[in-house]
1. Name the residues in region 63-99 that are in contact with a Pro (Cβ under 9 Å, 6 or more places away or on another chain) and closer than 15 Å to Gly35 by Cα, would you?
2. Across region 55-85, which residue is surrounded by the most Cβ atoms within 10 Å (Cβ to Cβ) among those that are within 22 Å of Thr95 (Cβ to Cβ) and small (Gly, Ala, Ser)?
3. Please find, within region 1-53, the residue that is modelled with the highest pLDDT out of those that are more than 24 Å from Pro76 (Cβ to Cβ) and of a type in the set (Phe, Trp, Tyr).
4. Restricting attention to region 57-94, and to residues there that are in a loop (DSSP other than H, G, I, E, B) and of a type in the set (Lys, Arg), which single residue is nearest to Thr22 (Cα to Cα)?
5. In region 85-125, what residues are more than 17 Å from the chain's Cα centre (by Cα), of a type in the set (Lys, Arg) and at pLDDT below 85?
Amino acid sequence: MQWLAEIFTWWQGNTIGTRFYTRRFGKRVGEDEGGNVYYQTADGKRRWVIYNGAADASRIPPGWHGWMHHRVDVPPTEERYVTREWQKPHQPNYTGTSKAYRPKGSLLNTAERPRVSGDYDAWTP
């Protein structure tokens, strides 16, 4: 059943086309702590990731993100990457889930929106 998902879906991770391309042209560069595996072509011009689970670009750590976008030439596996003090740990994208941010006044939040202040007055029919 997994091979059928690889043919028709891309959001589950690896597709059959990506699997063939990776096998033919891909050179494994490394793996991050989340289990995502990173590849590049022999000439280094194309870089891609095979996600461990659902395809969500926000799951790429900062060190690998710089390498994926050609901002650095050396992948984190070949150098000692130290996270900066201002970098926060990864949080998944909760959009569309019950954990999504819903501000006061949102249709999905029961809290009342704060009263508008300043020179703005809401339109009333």
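The values are calculated or read from the model by the stated rules, or taken from the named source; none is laboratory data. Just so it is clear, the model here is predicted, and its values are computed rather than measured. Counting neighbours? That spans all protein chains shown, and the Cβs are built from the backbone with ideal geometry, glycine included.
1. Gly63, Trp64, Pro76, His90
2. Ala55
3. Phe20
4. So, considering only residues that are in a loop (DSSP other than H, G, I, E, B) and of a type in the set (Lys, Arg), the one nearest to Thr22 (Cα to Cα) is Arg71.
5. Within region 85-125, Lys104, Arg113, Arg115 meet the criteria.
One line per residue, one yes/no per condition, for (1) of a type in the set (Phe, Trp, Tyr); (2) free of Cβ contacts under 8 Å to residues at least 12 places away in the same chain; (3) part of a helix (DSSP H, G or I); (4) in contact with a strand residue (DSSP E or B) (Cβ under 7 Å, 6 or more places away or on another chain):
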{"position": "Lys45", "(1), (2), (3), (4)": "no, yes, no, no"}
{"position": "Val49", "(1), (2), (3), (4)": "no, no, no, yes"}
{"position": "Ala55", "(1), (2), (3), (4)": "no, no, no, no"}
{"position": "Gly96", "(1), (2), (3), (4)": "no, yes, no, no"}
{"position": "Ala100", "(1), (2), (3), (4)": "no, yes, no, no"}
{"position": "Pro125", "(1), (2), (3), (4)": "no, yes, no, no"}
